[in-house]
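Inspection log for the structure reproduced underneath, given as structure tokens.
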Amino acid sequence: MPQSSFSYLLVVLLYYFGYCIVNGMLTSEFVRKTQLESDQIAAQQIQQTLQPEKLDPIPGYEVETFYQPLRDVGGDYFDVIDLPAGRTLFAVADVSGKGMPAALLAANIQALVRSIASVTQDPVALAAQINQHLGRYTPSDRFATAVFVVLDRASGELTYVNAGHNAPIVSGSDPAIFLKATGMPLGLLSDAAYEADKAVIPPGGVLLLFTDGLTDAIPGDAPEACLCEALAGDSAKTDSSYGD
């Protein structure tokens with residue numbers, strides 16, 4: 001075979017092999033991106049189930065909710081559950097991390113809350129049982145902050161457990177009341193102890209439950225003070241009914 005023909009054939013073979021390698025890399029990257037997009041969509045679908053589609057009216061109270069993820073899919077969860085004897089459970093949780101793992105753990109917490117609340121309405125038992133489950137069956141680097149508030153609709157009394165979560169705010173009295181932590185985040189220690197505390201929503205008052213996404217979105221060094229100021233203005237506009 002002439003030298004020129006051999007060189008030409010070698011170039012063609014090199015080009016072909018290069019083409020195959022590049023094509024394989026592009027295909028692999030396409031598959032990877034497609035899988036990531038599929039996981040993202042699945043996580044978003046899971047997260048949508050973590051927010052109630054519709055809330056039943058609570059006699060004597062107005063309930064408003066808002067949820068909008070800042071960037072990635074996360075593990076925020078909230079629920080409003082009707083309980084016997086004229087009570088309502090408000091549950092808010094924020095799972096560490098983002099993406100599919102956080103969404104799956106939040107879905108697990110949602111299922112636990114609804115299952116346990118159907119048996120016991122004690123927020124201490126609710127927090128303790130969920131903590132034990134997460135401590136036993138989730139990775140050690142996964143945990144969640146949460147707050148469980150049981151409202152007595154007739155009196156406005158709140159019985160709550162705050163598991164390392166942002167302190168909910170009760171506005172309508174001076175000064176505002178913060179429902180501060182009564183235990184550590186869920187899933188860190190399976191034998192962690194939790195305590196309940198009490199507060200009251202005054203007539204015309206407001207109860208605000210939120211995750212750190214709200215305070216992170218408020219500029220300045222005192223986001224909670226800004227929230228209290230906003231709630232005080234909102235309370236002044238309400239009538240004598242309770243607010244949440």
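The values are calculated or read from the model by the stated rules, or taken from the named source; none is laboratory data. In this text, all values refer to a predicted model and were calculated from it rather than measured experimentally. In this analysis, Cβ positions are derived from the backbone assuming ideal geometry, glycine residues included, and neighbour counts consider all displayed protein chains. Ligands, DNA and RNA are excluded from the accessible area calculation, which covers all protein heavy atoms including side chains. Shrake-Rupley method; radii C 1.70, N 1.55, O 1.52, S 1.80 Å.
Can you find a residue in the range 91-100 that is assigned to a loop (DSSP other than H, G, I, E, B) and on the phi > 0 side of the Ramachandran plot? Looking for residues that are assigned to a loop (DSSP other than H, G, I, E, B) and on the phi > 0 side of the Ramachandran plot, one finds at least one in the range 91-100, hence yes. Determine, yes or no, whether ASP239 is at pLDDT below 90, surrounded by fewer than 16 Cβ atoms within 10 Å (Cβ to Cβ) and farther than 30 Å from THR138 by Cα. Against the criterion (at pLDDT below 90, surrounded by fewer than 16 Cβ atoms within 10 Å (Cβ to Cβ) and farther than 30 Å from THR138 by Cα), ASP239 qualifies.
Matching residues to (1) closer than 27 Å to SER115 by Cβ; (2) open to solvent by less than 30 Å² (accessible area, probe 1.4 Å); (3) in contact with a Cys (Cβ under 7 Å, 6 or more places away or on another chain):
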position: LEU151; (1), (2), (3): yes, yes, no
position: GLU157; (1), (2), (3): yes, no, no
position: ASN166; (1), (2), (3): yes, no, no
position: ILE177; (1), (2), (3): no, no, no
position: MET184; (1), (2), (3): yes, no, no
position: LEU189; (1), (2), (3): yes, no, no
position: ALA192; (1), (2), (3): yes, yes, no
position: ASP197; (1), (2), (3): yes, no, no
position: GLY204; (1), (2), (3): no, yes, no
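If you go through the range 117-146, how many residues are open to solvent by less than 20 Å² (accessible area, probe 1.4 Å), more than 11 Å from the chain's Cα centre (by Cα) and among the aliphatic types (A, V, I, L, M)? So the count comes out to 5. Looking at VAL92, VAL113, just one residue is modelled with pLDDT of 95 or more, open to solvent by less than 70 Å² (accessible area, probe 1.4 Å) and within 11 Å of the chain's Cα centre (by Cα), and that residue is VAL92. A Cβ distance below 9 Å, combined with a sequence gap of six or more or placement on separate chains, defines the contacts here; from the range 199-228, residues that are over 15 Å from PRO168 (Cβ atoms) and acidic (Asp, Glu) reach residues that are open to solvent by 70 Å² or more (accessible area, probe 1.4 Å) and at pLDDT below 90 in the pairs ASP216/LEU70.
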